[in-house]
Amino acid sequence: IMPAVCCSGTVLAQTEYPNKPIRFLVGVVPGGATDFLARAIGLKLADNLRQQVVIDNRPGANQMIAAEMTAKSPPDGYTIQMVPSGFTINPAIYAKLPFDPVRDFTPICLVANVPNVLVIHPSLPARSVKSLIALVRKNPGQMAYGSSGVGSPSHLAGELFKLLAKIEFTHVPYKGQGQSMIDLIGGHLQLAFPSIPASIPHIKTGKLIALGVTPSQRASALPGIPTIDEAGLTGYEVSGWYGVIGPAKIPKPLLDKINGEINRILQTPETREMLSSQGADPLGGS
């Protein structure tokens with residue numbers, strides 16, 4: 001009798017999920033791709049599960065503040081986190097982490113590939129990748145670019161650009177791309193390599209000038225903008241993914257449920273069109 005009782009209790013617990021709000025952690029300030037994707041998925045997740053999904057922005061240390069909160073949460077499906085590929089770069093950047101980047105988390109679902117784009121303030125007298133490189137060479141060390149944090153794709157995209165072009169400009173890390181966009185538009189920075197979702201509204205209004213996208217292929221949301229490689233910096237390529245994680249040891253039935261819901265959201269034409277229009281290519285999967 002006991003095994004049957006335990007089994008029925010487990011099934012009951014699973015069918016009751018969720019019976020309280022779900023916390024969706026975001027390790028950056030509002031305005032960047034991580035925040036955009038969390039809100040897009042969280043809104044649909046709330047509708048599908050008929051339960052509130054609370055977006056909780058905990059910026060700092062390239063996702064690590066939010067990640068530590070995720071790692072210390074119970075594996076009950078009520079705390080999840082949207083992370084960019086920069087999350088997996090942290091072990092190579094920081095000597096000590098407040099968690100084990102593999103052991104302390106459960107991967108839940110890939111969400112999207114999101115290209116980055118090289119943008120400049122309109123006051124700069126450059127309208128191509130080659131002319132920007134020439135301008136920086138004439139003014140070594142006098143220009144600065146912003147990123148969403150040390151080790152983030154927007155940071156490493158800038159470092160690779162400097163390395164291949166053999167030029168020098170200053171890196172200024174922020175707690176999210178939203179903050180760096182504000183300073184770039186305000187003229188406090190000269191350039192940046194943000195995600196397309198973080199920058200496309202400003203590109204469309206002319207507040208920023210896009211010179212090249214970072215992947216090996218052009219971005220569907222900015223088809224008229226060349227890749228940085230084809231614009232003259234041979235061999236340049238940076239691409240990044242975004243996904244959802246949770247605490248370690250989420251039970252498989254619960255993991256399958258959350259994964260299934262996110263996959264269903266990503267497969268709807270409405271969501272795919274919305275993400276694609278903002279420069280995110282929907283993925284999904286295990």
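The rows are residues; the columns are (1) among the acidic types (D, E); (2) more than 18 Å from G158 (Cβ to Cβ); (3) not in a loop (DSSP other than H, G, I, E, B).
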| position | (1), (2), (3) |
| --- | --- |
| V172 | no, no, yes |
| G178 | no, no, yes |
| D183 | yes, no, yes |
| A198 | no, no, yes |
| H202 | no, no, yes |
| A210 | no, no, yes |
| R218 | no, yes, no |
| I225 | no, no, no |
| E237 | yes, no, no |
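Within region 207-221, if we keep just the residues that are modelled with pLDDT under 95 and of a type outside the set (G, A, S), the residue that is least open to solvent (accessible area, probe 1.4 Å) turns out to be P215.
Per-residue answers, yes or no, for (1) of a type in the set (G, A, S); (2) farther than 26 Å from I133 by Cβ; (3) under 20 Å from the mean Cα position of the chain (by Cα):
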residue	(1), (2), (3)
I203	no, no, yes
T214	no, no, yes
S220	yes, yes, yes
K249	no, yes, no
I262	no, yes, yes
D281	no, yes, yes
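Does T70 satisfy the criteria of being open to solvent by less than 20 Å² (accessible area, probe 1.4 Å), more than 16 Å from L110 (Cβ to Cβ) and of a type in the set (V, I, T)? Criteria met by T70. Can you find even one residue in region 245-253 that is modelled with pLDDT of 95 or more and in a helix (DSSP H, G or I)? Within region 245-253 (the criterion being modelled with pLDDT of 95 or more and in a helix (DSSP H, G or I)), the answer is yes, since at least one residue qualifies. For residues that are touching a helix residue (DSSP H, G or I) at 6+ places or on another chain (Cβ under 9 Å) and closer than 20 Å to A61 by Cβ, scanning just region 153-173, find the one that is surrounded by the fewest Cβ atoms within 10 Å (Cβ to Cβ). By that ranking, first place goes to H171. You will find that of S180, S239, the residue that is within 19 Å of the chain's Cα centre (by Cα), more than 15 Å from F36 (Cα to Cα) and free of Cβ contacts under 8 Å to residues at least 40 places away in the same chain is S180 and no other. For S239, the requirement of being among the small types (G, A, S) and surrounded by fewer than 16 Cβ atoms within 10 Å (Cβ to Cβ) is not met.
Where helices (runs of 4 or more DSSP H) fall wholly inside region 4-107, no range has 3 or more residues that are touching a Phe, Trp or Tyr at 6+ places or on another chain (Cβ under 8 Å), modelled with pLDDT of 90 or more and of a type in the set (V, I, T). Among residues of region 248-269 that are in contact (Cβ under 8 Å) with a residue 12 or more places away in the chain and among the acidic types (D, E), those with a beta-carbon under 7 Å from a residue that is buried (at least 19 other Cβ atoms within 10 Å of the Cβ) and part of a helix (DSSP H, G or I) at least six positions away or on a different chain give the pairs E261/L45.
Restricting the search to region 149-168, which residues are closer than 27 Å to G27 by Cα and not in a loop (DSSP other than H, G, I, E, B)? Across region 149-168, the qualifying residues are P153, S154, H155, L156, A157, G158, E159, L160, F161, K162.
The values are calculated or read from the model by the stated rules, or taken from the named source; none is laboratory data. Keep in mind that what you see is a predicted model, and the values were worked out from it rather than measured. Cβ atoms come from the backbone with ideal geometry, glycine included; neighbour counts cover every protein chain shown. Areas reflect the complete protein model, heavy atoms only, side chains present, ligands, DNA and RNA absent. Shrake-Rupley method; radii C 1.70, N 1.55, O 1.52, S 1.80 Å.
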